[in-house]
1. So residue B:177 ticks every box in (1) at pLDDT 95 or above; (2) more than 13 Å from chain A (Cβ to nearest Cβ) but one. Which box is left unticked?
2. Does the range B:41-48 contain any residue that is surrounded by 20 or more Cβ atoms within 10 Å (Cβ to Cβ) and in contact with an Asp or Glu (Cβ under 9 Å, 6 or more places away or on another chain)?
3. Does residue B:50 meet the test of being part of a helix (DSSP H, G or I) and either within 11 Å of chain A (Cβ to nearest Cβ) or charged (D, E, K, R) (or both)?
4. How many of the residues in the range A:1-37 are more than 24 Å from residue B:101 (Cβ to Cβ), within 7 Å of chain B (Cβ to nearest Cβ) and of a type in the set (Gly, Ala, Ser)?
5. Return the only residue of B:143, B:110, B:121 being of a type in the set (Phe, Trp, Tyr), in contact with a helix residue (DSSP H, G or I) (Cβ under 7 Å, 6 or more places away or on another chain), farther than 20 Å from residue B:224 by Cβ and away from chain A (no Cβ under 14 Å).
6. Can you tell me which residue in the range A:15-49 is nearest to residue B:19 (Cα to Cα), limited to those that are of a type in the set (Asp, Glu) and surrounded by fewer than 16 Cβ atoms within 10 Å (Cβ to Cβ)?
7. Tally the residues that are over 30 Å from residue B:87 (Cβ atoms) and outside any helix (DSSP H, G or I), restricting the search to the range B:1-47.
Amino acid sequence: MDFSAAHVSYVIASYAISGACVVGLFLYVLSRDRALAAKLKHQQEKDKS
Amino acid sequence: MQQFANPARFLKIANILLPYIWAITAILFAVGLYGALVTTPPDYQQGETVRIMYVHVPAAWLGLFVYCLMGFFSAVAFIYRHPLADAAAKTAAPLGAVFCFLALVTGSFWGKPMWGTWWAWGDARLTSMFILLLFYLGYMAVWNSIDEPTRAAAIARIVALVGVVNVFVVKFSVNWWNSLHQGPSVIKMGGPAIDKSMLWALLTMAVAYTMLFLALHLVSLRSEIASRKLRQARLVEIGNR
């Protein structure tokens with residue numbers, strides 16, 4: 001890729017926003033999954049006792 | 001198909017498959033991005049700007065595909081009344097919305113240098129894609145605004161199924177109306193119009209995005225099942241007081 005080419009900033013911006021959204025989505029989905037699994041485990045332990 | 005719709009069996013299979021899906025996704029992204037940014041040539045007309053295609057087109061395909069999937073799951077929920085089908089549609093929506101948003105934003109970044117404008121409201125492809133994003137947001141708003149899950153599911157199914165009509169409008173808008181957006185260049189009669197030196201990277205990125213969606217959807221569905229179990233346990237707890 002030629003970084004001195006015309007309009008290359010649009011390419012960089014497209015990849016940057018795509019990367020940010022994909023990584024953000026990945027982190028959100030995984031952190032929600034972990035938080036819910038921990039809450040469910042806690043609730044099940046509470047129910048047993 | 002019915003046996004996989006059992007939540008316990010689904011979770012067991014999903015937990016086995018997920019590490020492999022993550023690994024395949026990572027490899028495909030590495031190969032696809034290397035192709036998109038390093039080995040593929042610049043376009044003879046668009047120059048380096050054509051590299052936006054490798055993130056724009058897969059995001060747009062996923063935006064359309066995920067909505068079709070939501071329509072399918074909603075139809076299955078209508079016919080079989082299976083709660084896992086509703087959960088599958090519900091958890092696909094935020095993922096599809098992000099892909100749809102990315103298609104719009106990266107399309108805008110591509111449009112400015114190529115068409116001389118960020119956006120054109122009179123353009124059928126752009127406007128119908130924006131309406132698709134509104135359908136995604138509307139579908140998610142239904143689930144978030146109604147507390148009773150069975151009632152929310154009933155309304156959400158209708159929104160999902162009505163929105164499928166717009167997916168066809170998006171797909172065929174470039175054939176039906178004059179548009180700034182180019183016509184189909186990959187899935188078309190007579191084969192793809194894109195040169196093989198670019199096509200392989202585009203298809204690799206498309207499969208990478210699809211695998212990413214699959215992995216995120218399985219995790220989201222696992223979260224949704226946990227959330228429903230938690231809700232059920234808390235209702236039992238309140239009932240026992």
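The values are calculated or read from the model by the stated rules, or taken from the named source; none is laboratory data. Treat the numbers as computed from the prediction; the structure is a model and nothing was measured. Note that each Cβ is placed from the backbone with ideal geometry, even for glycine, and that neighbours are counted across all protein chains shown.
1. For residue B:177, the failing item is (1).
2. So far as the range B:41-48 goes, yes, one or more of its residues are surrounded by 20 or more Cβ atoms within 10 Å (Cβ to Cβ) and in contact with an Asp or Glu (Cβ under 9 Å, 6 or more places away or on another chain).
3. So residue B:50 passes the test.
4. Residues that pass the stated criteria total 3.
5. Residue meeting the stated conditions: B:121.
6. A:45
7. The number of residues fulfilling the criteria is 8.
Residue by residue, here is whether (1) β-branched (Val, Ile, Thr); (2) over 22 Å from residue B:84 (Cβ atoms); (3) more than 14 Å from chain A (Cβ to nearest Cβ); (4) under 16 Å from the mean Cα position of the chain (by Cα) holds:
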{"position": "B:163", "(1), (2), (3), (4)": "no, no, yes, yes"}
{"position": "B:182", "(1), (2), (3), (4)": "no, yes, yes, no"}
{"position": "B:192", "(1), (2), (3), (4)": "no, yes, yes, no"}
{"position": "B:204", "(1), (2), (3), (4)": "yes, yes, yes, no"}
{"position": "B:219", "(1), (2), (3), (4)": "yes, no, no, yes"}
{"position": "B:225", "(1), (2), (3), (4)": "yes, no, no, no"}
{"position": "B:229", "(1), (2), (3), (4)": "no, no, no, no"}
{"position": "B:234", "(1), (2), (3), (4)": "no, no, no, no"}
